[in-house]
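The values are calculated or read from the model by the stated rules, or taken from the named source; none is laboratory data. These numbers were taken from a predicted model, which means no experiment stands behind them. Methodologically, a virtual Cβ is constructed for each residue, glycine included, from the backbone with ideal geometry; neighbour enumeration extends over all protein chains shown. These accessible areas exclude ligands, DNA and RNA; they are computed on the full protein's heavy atoms, side chains included. Shrake-Rupley method; radii C 1.70, N 1.55, O 1.52, S 1.80 Å.
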Amino acid sequence: MNHTRLESCHESPLKVYKFCFVPEKLGDMVILLIRFGILVCLVASISLALHSAFSKPDRWFPLPEHIRAVQNTSVIDNRPTNISHLQFGIAGSANTWHGRSNYTKLWWDPNTTRGYVWLDKKPKILHSDILVPPYQISRGWTRFKHVHSASAVRIARIVYESFKLGLPNVRWFVMGDDDTVFFTENLVTVLGKYDHNEMYYIGGNSESVEQDVMHSYNMAFGGGGFAISYALAAQLAKIMDGCLSRYFYFYGSDQRVWACIHEIGVPLTRENGFHQFDIRGNPYGFLAAHPLVPLVSLHHLDQLSPFFPNQTQLHSMKKLISAYHIDPARIVQQSICYDHKRRWSISISWGYTIQIYTKLLIAADLQMPLQTFQTWRSWKDGPFIFNTRPMSSDPCQQPARFFLDQATKVGKSGSITIYKRHEGKEAKCNREGTNNEEVQRIRVSALKLDPEYWKNVPRRHCCQLLGGGSIKNGSMNIRIKKCRPHETITI
């Protein structure tokens, strides 16, 4: 039989095609298929290895765009954190955005800042300039159950919606309100201390204890702004909608975000430069004795007295920011010095105000804010999360106040700020030996404060009276400087 088949293979090409390679048994066919499969797998493996060696892996297994972009650039971009690594999510509404956007214009830079203001609907008045962030319309928030405010649900989802946009090179998602003013260079300095590849939730508390008790001491209050690292945002996006459904009974958006983050197990990292400003009245006392941290944000500006006398709050902020642009790291940083001959205590809040007391006060008292404000909800004299000292009704016990008049850059690394005496409506002190009215202007010189200063253990700068504290034509000159190793602020 085999001989006959072999002969038939020589009869014609057609018969060869039909019969020469037909196996004798079914098992032979299986063996051929297995060998063919092994050959195909071998070729595919070699091809995959070569392709992997000379091409990017996401060409074979593409990731979602918002993850792929960050994954690729995180390997390439090893620079320190800068403003381009931040994505802002500003909570606003169509009804209030046109008016409140004036505060956002103070800090938004279309050439460097990235992000959006998130609105509930398309605004009736559209901005024609680029000095404000573009807007996005929040989606999908109306389906969530709520007890207090539907807008709180919408604003809480801004973190989620910002992440889903998939902007490249984002390390931090920064949330704030449309009346929050950020000091972005200081914000970058603060966030630059932390690794965005780890899960961080960074912000500050309310200044009023009653607010922290009502909500949480472990919560970043949203008006002061808070920052979420990319690593945390990626995890938060996975659970956000389900989490919002679970916490429908919470009051605010920041409380919802806090609860969801705690389900992931990440605590609040406090940075005291984020200011919710849950206070009423005049914030002067606080800003005149700002804590030894970089100023990151201010909030509730329309609920507070103007920072500068006889000016609107918007003009006050413009003046403060004019000094900030000259020396961002130094803005409202306090320095203390004494005129021992006259027995004066002098406290400088750089870029804002100077106080002169006609008595010697210890540094611990001068670093404690005068209570020129009340609590947020009850309008009471406390308690606050920091100590305060009462504002005396005796005009002789009150400091003479000088407010910023001019701020000028000097050379590449210096500044001159001039502060003019403010004559308020308060009664004057006529007691002998307590008059300092001869001083009408104070000129302060300083070198620019390096942002790297905040990466080390900070030490308050000292100040020195120039010319032995002489007063010429109503002017006094002071220099702010680094304290010498063994120098102290002693009365």
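Taken as a whole, the condition of being surrounded by fewer than 20 Cβ atoms within 10 Å (Cβ to Cβ) and in contact with a helix residue (DSSP H, G or I) (Cβ under 7 Å, 6 or more places away or on another chain) applies to Thr372. From Phe277, Phe248, Phe221, which residue is among the aromatic types (Phe, Trp, Tyr) and at positive phi? On inspection, the qualifying residue turns out to be Phe277.
Within the stretch 248-266, being surrounded by fewer than 18 Cβ atoms within 10 Å (Cβ to Cβ) and touching a helix residue (DSSP H, G or I) at 6+ places or on another chain (Cβ under 6 Å) holds for one residue alone: Ile264. Yes or no: the stretch 64-79 includes at least one residue that is on the phi < 0 side of the Ramachandran plot, at pLDDT 60 or above and surrounded by 12 or more Cβ atoms within 10 Å (Cβ to Cβ). Taking every residue of the stretch 64-79 in turn, at least one turns out to be on the phi < 0 side of the Ramachandran plot, at pLDDT 60 or above and surrounded by 12 or more Cβ atoms within 10 Å (Cβ to Cβ). The single condition among (1) at pLDDT 95 or above; (2) at positive phi that Gly140 does not meet is (1).
Restricting Arg330, Arg343 to those that are of a type in the set (Lys, Arg) and under 22 Å from the mean Cα position of the chain (by Cα) reduces the list to Arg330.
When Cys337, Cys396 are screened for being touching a residue at least 24 places away in the same chain (Cβ under 8 Å), closer than 21 Å to Glu438 by Cβ and surrounded by fewer than 18 Cβ atoms within 10 Å (Cβ to Cβ), only Cys396 passes. The residues on offer are Lys409, Lys420, Lys425, and the sole one that is surrounded by fewer than 14 Cβ atoms within 10 Å (Cβ to Cβ), modelled with pLDDT of 95 or more and closer than 20 Å to Ser316 by Cα is Lys409.
On inspection, Pro283 does not qualify as closer than 27 Å to Gly92 by Cα and open to solvent by 10 Å² or more (accessible area, probe 1.4 Å).
Test Arg459 against the stated conditions and say whether it is touching an Asp or Glu at 6+ places or on another chain (Cβ under 8 Å), open to solvent by 70 Å² or more (accessible area, probe 1.4 Å) and assigned to a loop (DSSP other than H, G, I, E, B). Against the criterion (touching an Asp or Glu at 6+ places or on another chain (Cβ under 8 Å), open to solvent by 70 Å² or more (accessible area, probe 1.4 Å) and assigned to a loop (DSSP other than H, G, I, E, B)), Arg459 does not qualify. The residues listed here are Ser347, Ser316; of these, the one that is out of contact with any Asp or Glu (no Cβ under 7 Å at 6 or more places or on another chain), closer than 22 Å to Leu449 by Cβ, polar (S, T, N, Q) and surrounded by 20 or more Cβ atoms within 10 Å (Cβ to Cβ) is Ser347. In the condition set (1) within 28 Å of the chain's Cα centre (by Cα); (2) assigned to a loop (DSSP other than H, G, I, E, B), Leu360 is compliant with all but (1).
Residues that are under 27 Å from Arg330 (Cβ atoms) and assigned to a loop (DSSP other than H, G, I, E, B) were ranked within the stretch 428-450; the one that is most open to solvent (accessible area, probe 1.4 Å) is Lys448.
Residues in the stretch 246-253: is at least one assigned to a loop (DSSP other than H, G, I, E, B) and either modelled with pLDDT of 95 or more or within 19 Å of the chain's Cα centre (by Cα) (or both)? Looking for residues that are assigned to a loop (DSSP other than H, G, I, E, B) and either modelled with pLDDT of 95 or more or within 19 Å of the chain's Cα centre (by Cα) (or both), one finds none in the stretch 246-253, hence no.
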